1. Answer yes if at least one residue in the range 88-106 is of a type in the set (Asp, Glu), within 17 Å of the chain's Cα centre (by Cα) and more than 16 Å from LEU67 (Cβ to Cβ), and no otherwise.
2. Mind checking which residues of the range 122-145 are part of a loop (DSSP other than H, G, I, E, B) and either over 15 Å from ILE99 (Cα atoms) or at pLDDT below 95 (or both)?
3. Hey, can you tell me all the residues within the range 46-72 that are over 13 Å from LYS118 (Cα atoms), touching a residue at least 60 places away in the same chain (Cβ under 8 Å) and open to solvent by 30 Å² or more (accessible area, probe 1.4 Å)?
4. Can you confirm whether ARG83 is closer than 24 Å to PRO29 by Cα and in contact with a Ser or Thr (Cβ under 8 Å, 6 or more places away or on another chain)?
5. When you scan the range 134-148, do you find a residue that is on the phi > 0 side of the Ramachandran plot and open to solvent by less than 60 Å² (accessible area, probe 1.4 Å), even just one?
6. Since ARG147 meets every condition but one in (1) touching a Pro at 6+ places or on another chain (Cβ under 8 Å); (2) more than 23 Å from ILE53 (Cβ to Cβ), which condition does it not meet?
7. Please go through the range 28-37 and give me each residue that is buried (at least 18 other Cβ atoms within 10 Å of the Cβ) and over 12 Å from the mean Cα position of the chain (by Cα), ordered by number.
8. Can you find even one residue in the range 19-27 that is more than 12 Å from the chain's Cα centre (by Cα) and β-branched (Val, Ile, Thr)?
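The values are calculated or read from the model by the stated rules, or taken from the named source; none is laboratory data. All of these numbers come straight from a predicted model, not from anything done at the bench. When we count neighbours, we look across all protein chains shown, and the Cβ atoms used for this are built from the backbone with ideal geometry, even at glycine. The protein model used for the area step is the full one, side chains on, heavy atoms only, and it has no ligands, DNA or RNA in it. Shrake-Rupley method; radii C 1.70, N 1.55, O 1.52, S 1.80 Å.
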Amino acid sequence: MSTGLAAQLRQQLVRNVGEVALDRFERAPLYDTRTGALSDGTAATKLGAGFDILEPGKIACPYHYHLAQEEMFVILEGEGTLRVAGERVPVRAGDVIFIPPGPEYPHHLINTGAVPMKYLSISTQEKPEICYYPDSDKLGAFAKDHRLMQRRGQALDYWEGEP
């Protein structure tokens, strides 16, 4: 029999991928994934996890690299391609992918299979975070209650607009 403390601990520490609410992240014609935040509302403070379902023939997100966060992807079902460091690496169910931060490892996942690819996305959640998107030459800065996206060539001088 489960005690009140056990139920409380389960709420703080355990998530089931089959029960997480999924939000659709879609931009036709290339991007279509459903993603759910597993770690939201848990006791975790440094580690984040999501559950993703990537549709056949689609890309999970724009090609990018992180300057602070380290990521890991665990392919649960399906197969696809990891585009990383300018190369295309086949991945399949059972593979665990490790992506350190830095410009050496820009990455994203592509479902090249015939069925949805399901995977866990895990990261170290450092904030603030800076991401660079090589295909579009954009920079993104992310922190609590702050999000800034701009192209590198549109950067302002440090003193711009200051008295």
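1. Yes, the range 88-106 contains a residue that is of a type in the set (Asp, Glu), within 17 Å of the chain's Cα centre (by Cα) and more than 16 Å from LEU67 (Cβ to Cβ).
2. Scanning the range 122-145 gives GLN125, GLU126, LYS127, PRO128, PRO134, ASP135, SER136, ASP137, LYS144, ASP145.
3. If the condition is that a residue be over 13 Å from LYS118 (Cα atoms), touching a residue at least 60 places away in the same chain (Cβ under 8 Å) and open to solvent by 30 Å² or more (accessible area, probe 1.4 Å), then LYS46, LEU47, ALA49, PRO62, TYR65, LEU67, ALA68 are the ones that fit.
4. In short, no.
5. yes
6. (1)
7. ASP32
8. yes
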